[in-house]
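For reference, the structure is listed below as structure tokens.
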Amino acid sequence: SKKNRLRSGITLVELMISTVILVVAALGVMGVFIYIAKSIQHSKCRGLASNLAQEQLQVLKQKNYYRVMVTTDTGYRTEFNPSVPYDKGYFPPETILEGGIQFTRLTHVTWAMEISGEILPLPPTSSDTNLKIIIVTTIWTLNSEFHKVQIKNVLSNPDAVVASSMLMLSLIHIS
């Protein structure tokens, strides 16, 4: 019976092996939680950035067509490929602190023209086409990486007269 009592415990080697297994399992669980926390933070930033961009777009779309000025002094944020254009004059960059995160909201407005069902941007020196493209970009940094959300929309002049024309050809046969 004395031998059985000595054998009923665990050895030091068994204790060390079980401790290593528990530590490895705990580190795995903590790694999953870290990944989940990063994912939640990224989703939060993306949602806030989208809301900030939509807010600016809504403000501009509610203005009179002629009060939304076309960008004449364009700057570029080169952290992205392609570079992000923004207006340095009429709609300068805005720094917004939301949810403990610092966002930069950029706005760019350009003339546009519809060609074969596709809306194409025009240079700021073009004449008024009764169509403008609004691009609102929200930028933030997370884990030393730049991220962006960009929303594009078209603003049309509700007072524009739609021009239509018809070409009539008459063929006259003279003998």
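The values are calculated or read from the model by the stated rules, or taken from the named source; none is laboratory data. Note that the structure is predicted; figures quoted are calculated from it, not measured. Every residue, glycine among them, receives a Cβ derived from its backbone with ideal geometry; neighbour counts consider all protein chains shown. Accessible surface is based on the protein model in full, side chains and every heavy atom, while ligands, DNA and RNA are left aside. Shrake-Rupley method; radii C 1.70, N 1.55, O 1.52, S 1.80 Å.
Each peptide in 131-141, 31-41 gets a packing score, the mean of other Cβ atoms within 10 Å over its residues, and the list from highest to lowest is 131-141, 31-41. Stretching Ser126 away from Glu94 to a fully extended chain increases their span by 8.8 nm, per 0.36 nm per residue minus the current alpha-carbon distance.
To put it simply, the accessible area of the chain at a 1.4 Å probe is 59 percent carbon and sulfur.
About its Cα centre, the range 1-148 has a charge dipole of approximately 1180 debye under the convention of +1 per Lys or Arg Cβ and -1 per Asp or Glu Cβ, with nothing else charged. Accessible surface computed residue by residue for the range 81-141, with neighbouring protein chains in place and a 1.4 Å probe, gives 51 Å² per residue. The helix-only estimate of mean residue ellipticity at 222 nm for the chain, built from DSSP H runs of length n ≥ 4 each weighted as -39500 (n - 2.57), is -11500 deg cm²/dmol after division by the residue total.
Among 145-152, 94-101, the peptide with the highest mean count of other Cβ atoms within 10 Å heads the list, and the full ranking is 145-152, 94-101. Only the Cβ atoms of Lys and Arg (+1) and of Asp and Glu (-1) were treated as charged; on that basis the dipole of the range 49-125 about its Cα centre amounts to roughly 180 debye.
The range 80-134 and the range 16-77 have Cα centres spaced 21 Å apart.
Using Cα-Cα distances under 8 Å and only pairs 6 or more residues apart, what relative contact order does the chain have, in percent?
17 percent
Tell me the angle of helix 12-62 to the major Cα principal axis of the chain, expressed in degrees between 0 and 90 and rounded to the nearest ten. Result, in degrees: 20. Remark: spin-label model distance Thr78-Arg46 equals 2.9 nm, labels positioned 7 Å along the Cα→Cβ axis.
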